[in-house]
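Here's the structure, in structure tokens; my notes come after.
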Amino acid sequence: MNNFGIAIKEEGCPCGKSHRVILPEVICGRGVISAVSDAVKRLGGKKAFVLADPNTYDAAGRVVCGYLEGGGIPYALHVIAEKRPVPGEKTVGSVMMHFDCSCDTVVAVGSGVINDVAKIVATRAGLKFITVATAPSMDGYASATSSVILDDLKQSLATTCPKIIIGDTDILCRAPHEALISGLGDMIAKYISICEWRISHIVTGEYYCEAVASLVRDSLEKCVSHAGGLISGDPEAAEAVFSGLVTSGLAMNYAGMSRPASGVEHYFSHIWDMRAVSYGDSESTHGIQCAIATLITARMYEDLVKEMPDIRLATENAESFDREKWYEKLHGYLGKNAEPMIALDRRLDRYSPADQKKRFEMIASHFDEIKRIVSEEIPPSAEIERLLDLIGCPKTPHEIGIDESKQGLVFAATKDIRDKYILSTLLWDMGLLDRYADRIEKYI
């Protein structure tokens, strides 16, 4: 069992929050997939519901079923038909319809979508569950949330966390190249998420915990330092990156929200996903999309620190903002998927001039501190670009089949995904959002 270096106080943290999290057992190393039947037994399981997709079944699902059978654990197997299932109501509903109610333990064999769907099934059925990882491709293994498209909007649902996570490095290091760079891409995004968490703490007073942020930074450093070895198939590097991803997921549990792990770069990805659902546009894996968006965002922040807050510009922008005209643009790009975003905006009333004025005052009075945070948290974009080159990751939306001509609109739309203070909302408060959106080609 590996308890990946968690050293956060449950009580007495300076952030004022009680960090009470039930840590999953993490079994990581070469050949540890053989522990799956014993893992089910230790949880008191009598029959397992094994969930996989065609790819993850070939990678590890068949082996898992063999070990369950050899260990005397009966199981029901459901392999989702799609090789790249969409994390939405259709997939979740189909899995629930195929769920064998005689099962008392869920065993997820896979990474992103499989893990997210299994969490929902286990939560709704009130069951314990185990994740057998097939790729170090995302940071959600240990998080207590599932990222899904619900009511046409990408959302994080509160779900249960796996009791046991099995990461067999012989399997992890053989994951497809796309999956490997996806996991690293999801981690590179933490440069932005921690920066924006700190900025939001200043501007909006949002809760912030330095202990959790440090946990994420350490995980990020571990992943980046082993990036080359992971891509070359080194099992030790696979273990290091996997442990970093798991720890990052645990950080979200400690914070009680996704803020430590996602910022505006994730919202680029969410908008691209929503557009793909509406119009069938091309899309890539979540982590690769986040990596591309992280590079774009880092370039924007390099320009932001050269700006000076201008009260006249900010006030004129807030007072002249035409919501209905903006809603029409959202509808034009996202179709019906824009409706949940618009409904959220109407409910929160985020863009009232009075609220903007309060936030701008905080920005103006703390702008030197904001610039310092950017320099502390986000490395030069050239360094990020070199890292993406090292791992063979695409660097532009065009490389993954996304129309670059609309990316200014995509960036502006990131502010409307959820109630989270990010770069696009900061720029809107400063009266600069349209300027940055109009020159998006500079950052792509």
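The values are calculated or read from the model by the stated rules, or taken from the named source; none is laboratory data. Values in this document were obtained by computation on a predicted structure and should not be read as measured data. Ideal geometry is used to build each Cβ from the backbone, glycine not excepted, and the neighbour counts take in all protein chains shown. When the accessible area is computed, the model is the full protein with side chains, heavy atoms only, and any ligands, DNA or RNA have been set aside. Shrake-Rupley method; radii C 1.70, N 1.55, O 1.52, S 1.80 Å.
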So, with points 7 Å from each Cα along the Cβ direction, the residue 218-residue 204 label distance in nm works out to 2.8
With every protein chain kept in place and a 1.4 Å probe, the chain has an accessible area per residue in Å² of 39
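How far, in nm, would the chain grow between residue 369 and residue 354 when pulled straight, counting 0.36 nm per residue and subtracting the alpha carbon separation? Provide the component values of the computation, followed by the final result.
Working: separation 15, 0.36 × 15 = 5.40 nm, distance 2.35 nm.
In short, 3.0 nm is gained.
Run the numbers for residue 376 and residue 178: contour at 0.36 nm per residue of separation, minus the present Cα-Cα distance, in nm. Don't skip to the answer; put the middle values down first.
Working: separation 198, 0.36 × 198 = 71.28 nm, distance 2.97 nm.
Stretched out fully, the residue 376 to residue 178 stretch lengthens by 68.3 nm.
For every other residue with a beta carbon closer than 11 angstrom to the beta carbon of residue 168, add +1 if it is Lys or Arg and -1 if Asp or Glu, then tell me the sum.
On the way: positive: 30, 174; negative: 170, 239.
Once positives and negatives cancel, what remains is 0.
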Reduced to Cα centres, the span from the stretch 288-348 to the stretch 1-74 in Å works out to 40
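Using 0.36 nm per residue of separation minus the Cα-Cα distance, give me the extension gain between residue 409 and residue 319 in nm, one decimal.
Details: separation 90, 0.36 × 90 = 32.40 nm, distance 2.04 nm.
Full extension from residue 409 to residue 319 adds 30.4 nm.
Please report the net charge: other residues with Cβ closer than 12 Å to the Cβ of residue 437, K and R +1, D and E -1. Please list the in-between numbers first.
Values: positive: 329, 406, 415, 435, 439, 442; negative: 434, 438, 441.
After counting each charged neighbour, the total is +3.
Calculate how many DSSP beta bridges within the chain are antiparallel, expressed in % of all such bridges and rounded to the nearest 5. List each step's numbers first, then the result.
Numbers: 6 of 29 bridges.
If we restrict to bridges inside the chain, about 20 percent are antiparallel.
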Excluding ligands, DNA and RNA, the carbon-plus-sulfur percentage of the accessible area of the chain with a 1.4 Å probe reads 51
Any residue on another chain or 5+ positions along whose placed amide H is under 5 Å from the amide H of residue 53 is listed here as 80
Measuring from its Cα centre, the chain shows a charge dipole (+1 at each Lys and Arg Cβ, -1 at each Asp and Glu Cβ) which, in debye to the nearest 20, is 960
